[in-house]
Structure formats: C-alpha cells, structure tokens
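The structure appears right after this line, and notes come after that.
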Amino acid sequence: MPFSDLGLSEKVLNAVEAAGYTEPTPIQAEAIPHVLARRDVLGIAQTGTGKTAAFTLPMLTLLENGRARARMPRTLILEPTRELAAQVVENFDRYGTNHKLNVALIIGGVSFADQDAKLMRGTDVLIATPGRLLDHFERGKLLLTGVELLVIDEADRMLDMGFIPDIERIAKMVPFTRQTLFFSATMPPEIERLADMFLHNPQRVEVARPASTATTITQRLVATGSEGHAKRERLRDLIRGEAELKNGIIFCNRKRDVALLQKSLVSHGFDAAALHGDMDQRARTTALDAFRNGETALLVASDVAARGLDIPAVSHVFNFDVPHHPEDYVHRIGRTGRAGRTGTAYTLVAPEDARSLGAIEALIGQPIPWLDGDLSTVAESSGETGTRHRGRSGEGRRGSRSKGAGKVAEAAERPKARGGRGGSAAPRSESRPAPEPRRDERVRDERRSRNEAEGDTPIGLGSHVPAFLLRPVLAKKEK
Ligand code: AMP
C-alpha cells in the first residue's frame, strides 16, 4: 500500500518522499487512517516498527488547520525519557519541513527560561517528559485546556519508571473531549487498566506479539562465574571471538556496573562509551552520538537509559547481567535484528541467575541454547577466571581475530581518548524528587524494584551470604 492511500496531506506526503520512505510500515498503515479520523488509538508496538511516524505524520496533517495560542499547546506528546522526547522532535523536524509549526521540547536537565519563552510564543506540538511538564504547570506557565490530541508513548516504560501517577494527573488537566493515542510495547494488566481509563472506544492496532523476539536474532546463553572480574573476562573473550561484530550494546542491570564495565573495557583497549540514568544530559548525548555515528563500537548501557532509543543496525547485544524483568530481555535483544537484518544476542548467565532465566524462557516460550556448555561447565572456584571452557571464544581464537572484532579492539593501539566518555555521574534531574502521594501499591512496587535494579545499594547483604551464616548450629544439650 502506498503512503498516498492513507489520507495524509500533500505537504506530509512530500516530506515522506523526501525522507526516502516508499511504503508505510504495518503500524503506520493501520494506525494513520484512524488517527486522521480522530479516533482514539491503542497501539501495541515496539520501537523500531515505525511507531513514531505512525503518530507524527497524521498529527502534522491534522495540525494544518488552526493555530496555536500563547501558553496553550494544541497537542501534547508524553515520553518517558529525554532521549525519546528528543527523537520525536527530530521526527517533527524531518516530516514537518513543509509546515510552519512551533514544536517545543520540555525536558528536565535544561533551563526553564528557554522553555518558558517557547511556551509563551504558542506551541502546536509540545513534547515533554512528565516531571518537567508538571513543573511548568505548577509554576503557572502552562495551560493544557487547549490540547486537542494527547499522545502517551511507551506506556509500559512509564509504568516501570513510576510516571503513571504523573500521567494520570496530566490526563485530568487536558480536556475530556481530546483525542488520545496510547502506545505500549507490552500490555500487562496495569497498562490495560490505564488504556481503559484514558481511551474512549479505541481502535486497537497491534503489530507484534508483546513477548515475541525476532526470528532474525540468534540468541545464546553464555555460562559464567558470578564474580565481576570473571564476567568481564568472559565478555571480553566473547567480543574478541565474534567475527561479525560491527557494533554492540552491552546491558547491565545496575548503573554502577555500567560505569565500571565501560572503564574496564576501555582499559583493555576496547572502544566503549557508557549510557546510564545518572549521567548528565551532555554526557548522554555525546555517548549516544558517538555510538550512532560509529565512532564508538560498543555502548554499555542500563535499561532505563537505552529503552526505545533509535539506534539503527546494531549487530550484537550482550546481556552482561540477566535482566530481572523478563520483558527487559525482549526489549534488550530487540535492539538487534531489526528491519529484517540478522543479529546476535548473548546473555551471560551465572549460577544465581537460574530463576530470572526461567522467567525469560517462559515469556518468550522457548529455551535459549547455550553457546558452549551450560552452567555445569563453570569453575566452582570464584578465584579462577570463572569458566573452564575456552573453546569458541577463548585465548585460542585471539590470534585469528576477525575483521569485526579487530575494529572493536583496535583502540588498544590508540591513546585512551574516549576513556572518560560518558563516565561522569552527575545527578539526574529528570527524576521526580518527592514520592507521589497517590501512587497505588502496584506502581510503587514496580518502581521500587526498578530502582533497586538500577541502583547501587544492595538490599541487606545482596546476594552475598557471609560464611558465618552457613556454619551448622550446634544445639545445646538438655540437662
Ligand atoms: P521508530 O519505531 O519510530 O523508532 O522508527 C524506527 C526507524 O524506522 C526510524 O529510524 C525511522 O526513521 C524508520 N522508519 C519509519 N517509517 C519508515 C518507513 N515507512 N519506511 C522505512 N523506514 C521507516
């Protein structure tokens, strides 16, 4: 089906052609006519499916009639992270070249003054993260009573990040009669409830099973010891042994490990940048740009920082840790094997990961094969390198290193110019400072478990059991 059959305006069709797109993606073909007909839409689609254009293109067409008033945006798009919000702005820039629309980006970590000035001028499209939007509202700088169309994007990620109470507040401030487009990669019961609350008689548009993983991705489990140094060594061996590796994202469960692993990789001569939620905006943008334009072959990232980012053509995903939430596995490995390309996803599995792994295999409905031996091949002693097997990617292969692996490791010969890239850890200003009073139990628990996964402080003793607790207790003899 050509784009011209969808009911988009001439200006939009010209911009789409200039962008080089010949055919709409399935989510675009399905959603666009409903958006243009002013229906509410519930879109179940992951990033990488063309979801952003599925709402930006019809919005541009609808916005051609009417004009903006000061402090009263006509449309509002809510995004969970600053990077995603910035990506949506890029979409409006690309497809809106033939329009004279005011697009404002309201995100944390940048000055209020510039954002105020933009709001004052009148905005056709306001793209915002929930926290900063509410800050503007509370300062009396913003009125949401003129919003004709509300987009809630990445709803399941909003839930993970604890933004749902904010979204509920915002949804109450926009007119009841607005049109709502609601997108989520997965539809757990909590998200179904929210969709019911926010949408009126929506058109449901689904492009992939929520828990499905692309068939173009080769998935392998890699047995490793539990110690950090053992995991890092196993990862290095894996990277060195990969002939087809052009670039890769390495996911860690915790922010602290992202920074540590990136530094370790750089010290071993790999070209790696870090991306996690505690980095300031400049460091995040620099790391992401370097990875996108191929300057840096490896990106070490946390889930929250990397979710939904548009990073085309990633050849490999490495899970340095098995994710605690099985859906995160689907999202992580979905960074590779996109748009019909092939990709490889390796997951390091330590003995204590059995439960999380079971949950992942249950979700995706299939066992994931081991690369070269399961956990029974892992050396018992934590003082060793962590694994006994070196068959596929161990020392023996280093001599015959392939072109791809060579590209990644070539920084060994260069000065460590990128060693500090992205490593700074300034406090993150987008996160809401105070806990929400109206948060229900479920949301709070979700957020807590997410923060724990990302946080640096283990609860109690973490997974470590001190030896004295394992000593047998001698019962006292009765006299
Ligand atoms: P998204 O799912 O919105 O993150 O989009 C993923 C990628 O697909 C982006 O790089 C878009 O530029 C690209 N894209 C969106 N629509 C199309 C299309 N109809 N044909 C080809 N590429 C597209």
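Compared with the direct C-alpha span, the chain from residue 280 to residue 192 gains 28.3 nm at full extension, assuming 0.36 nm per residue.
From the cross-link list 11/118; 231/263; 118/141; 100/172, which pairs have alpha carbons spaced over 18 Å apart?
Numbers: 11/118 24 Å; 231/263 14 Å; 118/141 11 Å; 100/172 29 Å.
Check vs 18 Å cut-off fails for 11/118; 100/172.
Computed with every protein chain present, the accessible area of residue 295 is close to 80 Å² [probe 1.4 Å]. Which trypsin sites (Lys or Arg not before Pro) in the range 136-218 sit in a loop by DSSP (not H, G, I, E or B) and have at most 15 other Cβ atoms within 10 Å of their own Cβ? Counting only loop positions with at most 15 other Cβ atoms within 10 Å, the trypsin sites (Lys or Arg not before Pro) in the range 136-218 are 139, 141.
Can you give the alpha-carbon Rg of the range 3-206 over 2.2 N^0.38 Å, where N counts its residues?
0.95
What the phi angles of the range 357-373 give under the Karplus curve with 6.51, -1.76 and 1.60, with θ = phi - 60°, is a coupling list of 5, x, 5, 5, 5, 5, 5, 7, x, 7, x, 9, x, 7, 6, 8, x Hz, glycine and proline written as x. Placing a pseudo-label 7 Å from each Cα along the Cα-to-Cβ vector at residue 100 and residue 14 gives an inter-label distance of 1.4 nm. Straightening the chain between residue 374 and residue 37 buys 115.9 nm, computed as 0.36 nm per residue apart minus the Cα-Cα spacing. Got the relative contact order for the range 3-206 handy, in percent, Cα pairs under 8 Å and 6 or more residues apart? For the range 3-206, the relative contact order is 29 percent.
Distances longer than 27 Å among the Cα atoms of the range 171-328: what percent of all pairs is that?
Details: 4571 of 12403 pairs.
Everything past 27 Å amounts to 37 percent.
Amide H to amide H, with H built 1.01 Å from N, residue 203 comes under 5 Å of 40, 41, 42, counting only residues 5 or more places away or on other chains. Amide H contacts under 5 Å for residue 106: 127, 128, 129, restricted to partners 5 or more places along the chain or on a different chain, H placed in the peptide plane at 1.01 Å from N.
For the range 217-380, with the dipole built from +1 on Lys and Arg beta-carbon atoms and -1 on Asp and Glu ones, taken about the Cα centre, which of 285, 302, 250 lies farthest toward the positive end? Looking along the dipole axis, the top candidate is 285.
The modelled label-to-label distance between residue 114 and residue 246, using points 7 Å beyond Cα along the C-beta direction, is 3.3 nm.
Note on the range 217-380: with charges restricted to the Cβ of Lys and Arg (+1) and Asp and Glu (-1), its dipole about the Cα centre is near 440 debye. Ranking 120, 187, 279 from most to least accessible surface, computed with a 1.4 Å probe over the protein chains only, gives 120, 187, 279.
Label positions at residue 177 and residue 90, each projected 7 Å from the Cα along the C-beta direction, are separated by 3.8 nm.
Working note: Karplus 6.51/-1.76/1.60 with θ = phi - 60° gives the range 256-262 the couplings 4, 5, 4, 5, 5, 5, 4 Hz, where Gly and Pro are set to x.
The values are calculated or read from the model by the stated rules, or taken from the named source; none is laboratory data. Given the structure is predicted, the values throughout are model-derived calculations rather than measurements. Quick reminder, even Gly has a Cβ in these numbers, built from the backbone with ideal geometry, and neighbours come from all protein chains shown. Please note that ligands, DNA and RNA were not included when accessible areas were found on the heavy atoms of the full protein model with its side chains. Shrake-Rupley method; radii C 1.70, N 1.55, O 1.52, S 1.80 Å.
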